[in-house]
Amino acid sequence: MLELEQTPLKDCFLLKPSVFQDHRGTFLESFSQRRFEEVTGLQMEFVQDNQSSSKKGVLRGLHFQKGKYAQSKLVRTVAGKVLDVVVDLRPHSPTYKKSYKAILSDENHHQLFVPAGFAHGFLTLSDKSVFAYKCDQYFHKEADAGVYFNDPEFGIDWEFPEEQLILSEKDANLPTLMELGL
């Protein structure tokens, strides 16, 4: 069983898999192409799986790929807890420049479907996180892009002291939406 919850952003949704628990621990089906298509109505081929680990306070994002290499992603937290954030950067979308955030953890097992044309980022809230995601396009360095995580245009509350955030040099220097001309 896979439950779909529509988010306030067009085409973006939270997926909640059934989790079976007993005295040994838990079991869940983390992905089934058939179930994904049945619940979402989308037919897409995921071609690349990525995984990262981060310590508490690490913020990765907001990232996206441009043009014909724009990626849809199915993201989840394998271990730990993150605040996952997406922003709709599709100019003709009714939810353009709107953001959505969700807690993804190894306890709730929720997954977020991030459509192509969205910026995506996450902040590790636990001591350590292992974050995994499926992409429907291969990574292309020339299409790699991002927008500053704290762009006032989005008004995202990261729910974490900014002075304690750990950012890569690249992420700390990403342009704002206005600087990108979007």
So the FRET efficiency between Gln33 and Leu4, C-beta based with R0 = 22 Å and rounded to 0.05, is 0.90
The Cα radius of gyration of the stretch 2-64, divided by 2.2 N^0.38 Å with N its residue count, comes to 1.42
The FRET efficiency for Met44 and His23, from their Cβ-Cβ distance with R0 = 41 Å and rounded to 0.05, is 0.65
If N is the residue count of the chain, its Cα Rg over 2.2 N^0.38 Å rounds to 1.01
One can check that the equivalent ellipsoid of the stretch 15-109, built from the alpha-carbon gyration tensor with semi-axes equal to the square roots of five times its eigenvalues, has lengths in Å, largest first, of 26, 19, 13
Over 24 Å (Cα to Cα) among Lys141/Lys170; Lys98/Lys128; Lys56/Lys97 -> Lys98/Lys128; Lys56/Lys97
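Where a number appears in this text, it was derived from the coordinates with a stated rule and is not lab data. In this text, all values refer to a predicted model and were calculated from it rather than measured experimentally. Note: ideal-geometry Cβ built from the backbone for every residue, glycine included; neighbour counts use all protein chains shown.
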